[in-house]
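Chemist: Before anything else, here's the structure in question.
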Amino acid sequence: EALGQLGIWVRLHYVYPYPHVDAVIDLMAQGKILPYLDIPFQHASPNILKLMKRPVHSENTLERLKLWREKCPELVIRSTFVVGFPGETEADFQMLLDWLKEAKLDRVGCFTYSPVEGATANDLPDHVPEEIKQQRYERFMQVQQEISAAKLQQRIGQTMTVLVDSLEDEFPVAVARSYADAPEIDGHVFVEDIDKNVIKAGDLLEVKIIDADEYDLFAQLIQVKS
């Protein structure tokens, strides 16, 4: 509530999907903070989640995502996942892919498991060979790229407010972000054919989305808002 009074973009990262998040979704629906949530789900297989010592069950998570989106249709969800965790079978990995296709998350990062000094997971049996880890990573990212591309295609024709991060040196293009894009980890909105004498970093622009690829949007300027 307090952050929503500061007149700034507030974006929440590293949130776990416990019931108290439901109240935060209400604030997003009211426009007090950005409808953006970064939840590190890590996996969808109950077996792997248990080995990771994480309490969240995938079926409850899908139901919660559905309820959140009903309350706040503009909600954008980012997450990160680990493939090749010790003990991960092909069935576990397939469960993750199936979950991903159903969840249809907006922004997703993926890492292959690697031992960390002192981590209890190092002592688990059935470590996954490096070659299989890499194959699973590539399969995971292919599925997510298709989801992301489809989601961004739905933005074409929409009017959005974007925040300018920088201006391209060689071209009349502003590199900007919408509420759906966290700095440094998400995509960009490239606003084309702008007047560099009028627009500067930090400006808010109203733009129309005209094209998209797997990660970024391309837009035309409607007006400078501030």
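The values are calculated or read from the model by the stated rules, or taken from the named source; none is laboratory data. Owing to the predicted nature of the structure, the values given are computational and were not obtained by experimental measurement. Glycine gets a Cβ as well: all are built from the backbone with ideal geometry, and neighbour counts include every protein chain shown. With ligands, DNA and RNA removed, areas are computed over all heavy atoms of the protein, side chains included. Shrake-Rupley method; radii C 1.70, N 1.55, O 1.52, S 1.80 Å.
Chemist: Using modelled backbone amide H atoms (1.01 Å from N, in-plane), which distant-in-sequence or interchain residues come within less than 5 Å of ILE222's amide H?
Modeler: Placed amide hydrogens put GLU206, VAL207, LYS208 under 5 Å from ILE222.
Chemist: For labels at LYS71 and GLN5 in the simple 7 Å Cα→Cβ model, what's the distance in nm?
Modeler: 2.2 nm
Chemist: So what's the angle, to the nearest 10 degrees on a 0 to 90 scale, between helix 90-103 and the longest Cα principal axis of the chain?
Modeler: For helix 90-103, the angle is close to 30 degrees.
Chemist: What nm value, rounded to one decimal, do you get for the distance between GLN142 and GLU214 when each label is placed 7 Å out toward the C-beta?
Modeler: Going by the 7 Å Cα→Cβ label model, 1.1 nm.
Chemist: How high is the relative contact order of the chain, given as a whole-number percent (alpha carbon pairs under 8 Å, six or more residues apart)?
Modeler: Contact order relative to length: 15 percent.
Chemist: Here are some values of mean projected area of the Cα convex hull in nm²: (1) 13.3; (2) 16.9; (3) 14.1. Which one was computed from this structure?
Modeler: Read-out from the structure maps to (3).
Chemist: Residue separation times 0.36 nm, minus the C-alpha to C-alpha distance between ASP126 and TYR18: what's the value?
Modeler: 35.8 nm
Chemist: Among the trypsin sites (Lys or Arg not before Pro) in region 1-81, which ones are in a DSSP loop with at most 14 other Cβ atoms within 10 Å of the Cβ? Mind listing them?
Modeler: LYS53
Chemist: Could you provide, to the nearest whole Å², the per residue accessible area of the chain with probe 1.4 Å?
Modeler: 53 Å²
Chemist: Next question, about the same structure. Using a Cα-Cα cut-off of under 17 Å, which aspartates and glutamates could be cross-linked to LYS196, ignoring same-chain neighbours fewer than 8 residues away?
Modeler: Straight-distance partners of LYS196: ASP165, GLU168, ASP169, GLU170, GLU206.
Chemist: Here's something else I'd like to know. Short version: ³J(HN,Hα) in whole Hz for each residue of region 199-214, in order, from phi by Karplus 6.51 cos²θ - 1.76 cosθ + 1.60 (θ = phi - 60°), x for Gly and Pro, what are they?
Modeler: Values per residue, Gly and Pro as x: 9, 9, 4, x, 6, 9, 10, 9, 9, 10, 6, 10, 7, 7, 10, 5 Hz.
Chemist: Non-local amide H neighbours of GLY109 (under 5 Å, H modeled in plane, Pro and chain starts lacking H): which ones?
Modeler: Those qualifying (amide H under 5 Å, at least 5 residues apart or on another chain) are SER79, THR80, PHE81.
Chemist: Take the solvent-accessible surface of the protein heavy atoms, probe 1.4 Å, and return the percent of it on the chain that carbon and sulfur atoms account for.
Modeler: 52 percent
Chemist: Next question. So how much accessible area does ASP126 have, in Å² to the nearest 10, using a 1.4 Å probe?
Modeler: Rounded to the nearest 10, that gives 110 Å².
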